[in-house]
Structures are given as structure tokens and as C-alpha cells.
Amino acid sequence: MKIRALYLLLLLPTEILAQVFSISGMVKDNNSNPISYANIVVLKSIDSSLVTGTISDDNGSFNIENLPPDNYTLRSSFLGFKTQNDSITLNENIVLSLILSEEKEILGEVNILVKKPTITRKPDRLLFNVENTALTEGSTLKVLKNTPGIIVSEGSINIKSTSATVFINNRRVQLTSDELIELLESTPANSIKTVEVITNPPASYDADSGKVINIIMSKNLVSGYRGTVAANFTQGVFPRFNGTTSHYFKKNKFNLNLNYSYNNQKINREEENEVDYLNNRYIIEQIWNSMIGRNTWSETHNVNLNFDYFLSEKTTLSLTSTSLFTPYFKYKIYNNTRINDANSNFLSRFTTDNLSLDDRLNIGTDLTLITQFDNGGSLSFNGHYTVYIYNRDQNAFSQFFDSINSFTNSSEFNTFANQDTDIYTAKADYSLPINETSSLDVGVKFANIKTKSDITRLDIINGSQEINTENSNAFDYDENIFAAYVNYSKSWDKWELVLGLRSEQTNVDGFSPTLNQTSTQDYFRWFPNASVSNKISDNLSLYINYKRSITRPLYTSLNPFTFFLNENTIVIGNPALKPTFQDHFVAGTSFLKYFTIEAYYINYDGAISEIPRQDNNSNILAYTPINLDKTVDFGFDFALDFNPTTKWNLYFVTSFFNISEENEFGTDKIELDQWSNYSILANNISFLKDNSLNLNLTLTWVGKNLQGLQIVDDRLVSELSITKSIFKNRGILSLSIEDVFNEQDYRTKIRYLNQSSRQFMNIDNRFVKLGFRYKFGNTKLDTNEHTTELEERDRIKDLQ
């Protein structure tokens, strides 16, 4: 009996220590109406660290169990309501009635929740906040098209005249340029919080990340499930279809996000090219006029998987995989070239039918471990692997006609091209807060890239295939990059300072076994960056920044392959291609809340540009990448961000800039320069009492400018989009019209030394798009969606 009493006495403190309680109750508005799907989060009072959370059910009720006795903060929030914090000392089960107050503006008797994009400027970046605006009811690509300073054109995403690197949640998107645009077009934008346009990335970004677009996705703290399905029909020259579905689930220890999209499309493009072939005195001898029709048929599957497992409150293990599979890609080119003399008298002509069948697989996978420390610092390790497989089978058939348009002869060949790429990277990053106003970031990274590619040309002669050894080749590429960085930031009074330094050692070996040709590059470089800003008053701030960066050549640009579009038009690589180094300076001021003025200067040492070069002896037009000796881009930007009414947001920016290019061809030197203007006028307007009808009209003017020794004429880019919420905001109908004024097609011209040509591009960019998206599950949840960082992936390119 005494032993049993002693046992109970010893057990009692353990039971008391193990005792847990619950917090339950209801969430209501000021009119006592229940609020469904409100976020209820429990935080520790001592350090505001997250303990657990839940959401209210359809009746506004919630219940949180298994909480040990302690002092807590109960945070309640819901879209359109003020966030409420309640202090609780938990020593028993508690039942609460939480009343949330609306955040609203009143127009007459109508309650309006203000949802419009806002712009925040910092010394090194612009923040375009779009969460819960009408812009997020379209595609991610549409959001980028409406982001100030971003230009989306055929096959590229630029920040003004400079190619941009795209990140999502600070991790680089692991796709080629064309694949990236396709993915962004098919990805819903409903989870986007902010788009960062970073013109001066800190040293933690790869030195190859000259200018960065970082898409920040919303985060979520509570458990639940949500999903979306969406479909879009586009009518351009030909119809296109896109279908997507997204699913997100969070449960205590893990997050799971899975996205899938399918694209089926046929794209049309028409070109008119005219080349003046000259004699030694630069006098026209022949004019070649080519009418070219290009059609592409494709089916593409995109899958993005994100899995986060919380090993503890401070440590998370994440698996991310992005894959693109294109089992069917047909590329057909029809070319009719008419050859005239200098007086436009007909001499001859030829036609070429070029048919290519492609397939490609691109899978990139990341494993990341990150630990947060109590002092606010963090330590992360990341490993990455990419496999990229690309195959192309091509047939080209040409027919030739004489001066009286009679058939003379024909030629035909097949080409089989393959490319396999493997990318491995490993990196570690450490962030250390020094004190409340300063912090230090350090990190190291290693990357290895191996590419094997080959091309075989078979000439068809009298019905038999014969290997053309002169135009068959193989190329092996091996690249290693070792990098380290340090970044320091400091804030005091009205000043902000960021200093960074990154170093990279690069070793490159390229080998062509068929030519027995080896090319090597070994270089070590420093990449500093700095920014400083001063907020003189609430209405005036000044800032300056500087960054040095690098652009490495695409892997396929370095191989010596010759790819024939026809017998007289070829694409050829350049194994002597070097990286480009950029120095970028910016000085600016923001004043009176609405206005910003900037001046910038960018110097490019060895800018890489693929240019057409005509051989006036052989009449062959060759597209080849080269390093320009010198390129300078400088200009002045003026921006206005203003809300004329609570339902209308207006953004206007205009930039006047000059681009100059210099290069030597043999003993000849050329110098070209061109002033240009780039302007955007964007309007976002909400209608109806509940703001469920939204309109966006964006006009972008791109003036005549210089790109790779070519003059590109003016063009006006226009987009009108309308969205309407239905089914109690679970459904979204969208209608958009691209190229409203039919002014997006453009002309280019080349005229220097013995080069003279003109081109008109009629791209399939005028279309009407109708879409529908439906949300199910807990539609108030945000996702953990992200993709992986890797600058090496951006340099993958299809063989042609």
C-alpha cells in the first residue's frame, strides 16, 4: 500500500507537466456573421515563433488542441479584415468569440475592398505588388508583361534592352528561354504576391545574373487543401489550347504542391528578307528576295513538384522538381527566294521545303536543407541535377529555276542532330545578423556542366543517302565553375548601404573529335556590387548603385556545327566565343510619392550577339554568334505611379536611351549608335460594387533601336484584358486581346561595310484569348510553390 502511494505521488508531477489544453471558438464579423476559412495562428508570446495554426470551418468555428500551458499570442486574419492579435495565458481550456473588423473604404453606401497594384522603389530594385489584384487572374507571363520595365518579346524576357534572368522565390527557373515563356504562359498567376525587378542583384546571386526578375509567391501557415483547374482557348492565325491544374496540401509537418499543364498549339510566322549582294566596290550586283513561311506544331507537358518537410520548427528539407516533356514538335519552313540583278531584272529563283521533327526532355531536381537560427540567421545547403535531352530529324528539299523560270535541278539532304546535357551544382549559404541594423551573408558554390552533341548530314543523291563528312560533326563540352561571395548590409538613421563581392573561377574545355579541335578557357574574375540610399524626407530620397556581372556563352554557341536551313542560309557556332563582362551604374531620386527619375550607364565588354553575315562571293548568309568589341547603353528614366480614384491605378514610365556598338571585321572598323524611347502606359480599373469586374489596358512603345548591329524599327505593343469573378469568387472568366492596334510586327535593317539587308517579321502575336479558372477546396490558402535556382540552366539552347 505504501509502495502504491509512493508511485502515485511520483507520477503526479509528470501528469501535471504533460497536461495540455485547447483553444476553440468562433470567428465573426462586426455584424455577427460567421467568417469561414479565417486563419487562426498560435504564436509564443516570448519570441513570436510559430506553434501551430488552423482555419475556421464553414460555420466560422475552430478548435486547436494539445497546447501545453504557456503565454501565447492568438493571431486571427482574413482577406479584407484587419489582423487581430490576442494575448492568452493558457492554463485551462478556453472558448473564444473573435470579432474581426473590416478593412475598407466607403464610397456612398458601398463597401469597397481596394485591390490595385502598387509599386515600391528601392535603390537596387522595383517591387510590383500584385497580390489579390485583377492581374493575378491571368497567367504569370501576363503579370510580367504588365510589370514596369519588363519587355516580353518573341523568345526573350528583357528589362528594357537587357536580357533578364527569371527567379521564383529567389530560385532560378530551370528552363531554356522558349520553354520558360511557354511555362509562364501556362502557369496561373493567382499565387503571385510581388514581382521584383532587380537591376543591381546582391553578391548572393550568380555573377551571370546581370538583371533579375524575382517572382515572390505567397506563403501559408495553416493546414488545408486547395486546388484549381483552368483552361484557355486562343485564336490567332490558328487556334491554340492550354489546360492546367494545381493542387496544394499542407498538414502539420509537410507541404505538397503539384502543378501540371498541357499545351497544344500551332504558331504561324511570316518573314520577308531582302539581301543586297555587293561587289568589291560595295555596288549592288544581285538582290535576293525571300518570302518565308514558318509553322510550328507542338504538344508540351509541364510538371512542377514542390515538397517541404519540416524536420523541426527551425529546419526544413525541400525537394523541388521541374520537368518539361515535348514528345511532338514539328517545324516547317517554306522558302521562295527570287534573285534579281541591280536593275530588278529576274535572274533565277529557288524554293526550299524544310521539315524538322523534334522531341526534348528537360528535368531539373533540387534538394535543399535550410535551418533558421534564434538570432535570425540561417544556413542552407543545396544540391541540384539537370538532365536535358534533345533530338532533331530534319529534311530539306530545294528546287532551282533559271532565268525563264524553268526547272533546272534539285537537292535534298537529311540531318540528324542530338544534344545531351548534364548539370551538377552544390552550394552553401550562411546569413548572420550582426545587430539590429546590419547583417552579413556568405556562401560558396560549385557547378559542373557536361554537354555531348553531334550532327550528321546525309545528302540524298539519286535516291541514296551519302554522308556529308564536311558538315557532320561531334562536340564535347566540359565546364567547371567555383564561386564564393560575401555581402554586407547596414541601415542607420535615413541611410541604407549594401556592399558585396563575388569571385568566380571558370575552367572550360571544348573538344571536337571529328575535327580534332580543342578550345579551352580559364579565367578568374571579381564581381563587386554596391548601393547606397538616403531618405532625405518623406517626399524625397536619393540612391546610387553599381554592379559588375558576366554573361557566359550558350553551350551550343561554342560548338563548330553548321546547321543548314537551306543551301544558302546556315547557322554556325563559334568555339572562340568569350564571356561578356558588364559594368552597370545607376543614380536616381524618388520625390512627391509619385515620381521617380533615374540616370544609368552600362558598359559591355565583348557583348555576345548572333548576327547575320553575308558572303558576297558565295552568296551564303550565315548566322553566327560573335563578341562585339564595345557596347555602351546609357539613358534617363522618368516614372509616375498614381491613383486618380480608388478604382483606377495609372502607371506611366518613359525612358530615353542611347545604344552604341563598335566592332572590327578584319581591317575594317564600324561604329553605330542610336537614340531611342521606351514608354509604358498601364491602366488597371475596377467596376461594380464588389469590384468583381476588372479591366487592364497596357500600351508599350518601343522606339527604333540598335540590337546586334541591326536597326529595329518602332513598334507599339498593346493588350486589353477583362476579368469577371463568378460563383462567389471561386470562378474567374477572362478575355484578353493582344496587339489591339496591329502594330507589334517590326522591320529590321543592316547597312555597314559590305553588309546590306532588310527583314520584315510578321509574328503570330495578334490574338483573342478566352479563359476560365475554378478554385476548389480552401480557396483562402496560399501555396509553397517555387522553382529552383540555376544560372547554368539558362544557357541550354536547342540545337536550332
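Things to note:
- Looking at the chain, the DSSP beta bridges with both ends there are about 95 percent antiparallel.
- Normalised per residue, the accessible area of the stretch 515-568 is 45 Å², obtained with a 1.4 Å probe and no contribution from ligands, DNA or RNA.
- Lysines with Cα under 25 Å of LYS535, excluding same-chain neighbours fewer than 8 positions away: LYS122, LYS211, LYS490, LYS494, LYS547, LYS593
- Compared with the alpha-carbon gap, the fully stretched path from TYR774 to ALA426 is longer by 121.4 nm at 0.36 nm per residue.
- Three-way shape label, the stretch 366-466, alpha-carbon gyration tensor, a/c 1.5: prolate
- Per residue accessible area of the stretch 412-457, 1.4 Å probe, in Å²: 44
- Tilt relative to the chain, helix 177-186 - C-alpha long axis, 0 to 90 degrees, to 10: 50
- With 0.36 nm allotted per residue and the present C-alpha distance subtracted, the THR437-ILE363 stretch has 22.5 nm of extension available.
- Reachable lysines, given that their alpha-carbon falls under 21 Å from the alpha-carbon of LYS332 and they are not under 8 places away in the same chain: LYS266, LYS797
- Within the stretch 507-647, antiparallel bridges make up roughly 95 percent of the DSSP beta bridges whose residues both belong there.
- The per residue volume of the convex hull around the alpha-carbon atoms of the chain is 196 Å³.
- Its Cα gyration tensor gives the stretch 187-325 an equivalent ellipsoid, and the semi-axes of that ellipsoid, as √(5λ) in whole Å with the largest first, are 46, 24, 12.
- A straight line joining the Cα centroids of the stretch 618-667 and the stretch 703-738 runs 19 Å.
- Label-point gap, in nm, between GLU313 and ASN129 - each point 7 angstrom along Cα→Cβ: 2.9
- With 26 Å as the limit, the listed pairs LYS427/LYS775; LYS330/LYS769; LYS193/LYS647; LYS193/LYS445; LYS251/LYS775; LYS145/LYS724 have LYS427/LYS775; LYS193/LYS445 beyond it between alpha carbons.
- Overall, the stretch 681-753 carries a charge dipole of about 160 debye about its Cα centre when +1 sits on the Cβ of Lys and Arg and -1 on the Cβ of Asp and Glu, all other atoms neutral.
- Difference of contour (0.36 nm per residue) and Cα-Cα distance, ASP493 to LYS266: 76.0 nm
- For the stretch 686-727, the solvent-accessible area works out to 42 Å² per residue, with a probe of 1.4 Å and every protein chain left in place.
- Accessible area of the chain belonging to carbon and sulfur atoms, whole % at 1.4 Å probe: 56
- Pairwise alpha-carbon distances in the stretch 399-556 exceed 27 Å for 56% of all pairs.
- Distance in nm between pseudo-label sites at VAL51 and PHE381 (7 Å out along the Cβ direction from Cα): 3.3
- Contact order relative to length of the stretch 410-561, as percent, for alpha carbon pairs under 8 angstrom and 6 or more apart: 18
- Paramagnetic label zone (point 7 Å from Cα along Cα-to-C-beta, TYR282; backbone N under 18 Å) in the stretch 751-766: 751-758
- Residues of the stretch 452-472 with amide N under 12 Å of the 7 Å Cα→Cβ point at ASN409: 462
The values are calculated or read from the model by the stated rules, or taken from the named source; none is laboratory data. Everything quoted here is computed from the prediction, not taken from an experiment. Methodologically, a virtual Cβ is constructed for each residue, glycine included, from the backbone with ideal geometry; neighbour enumeration extends over all protein chains shown. Side chains included, ligands, DNA and RNA excluded: accessible areas come from the protein's heavy atoms. Shrake-Rupley method; radii C 1.70, N 1.55, O 1.52, S 1.80 Å.
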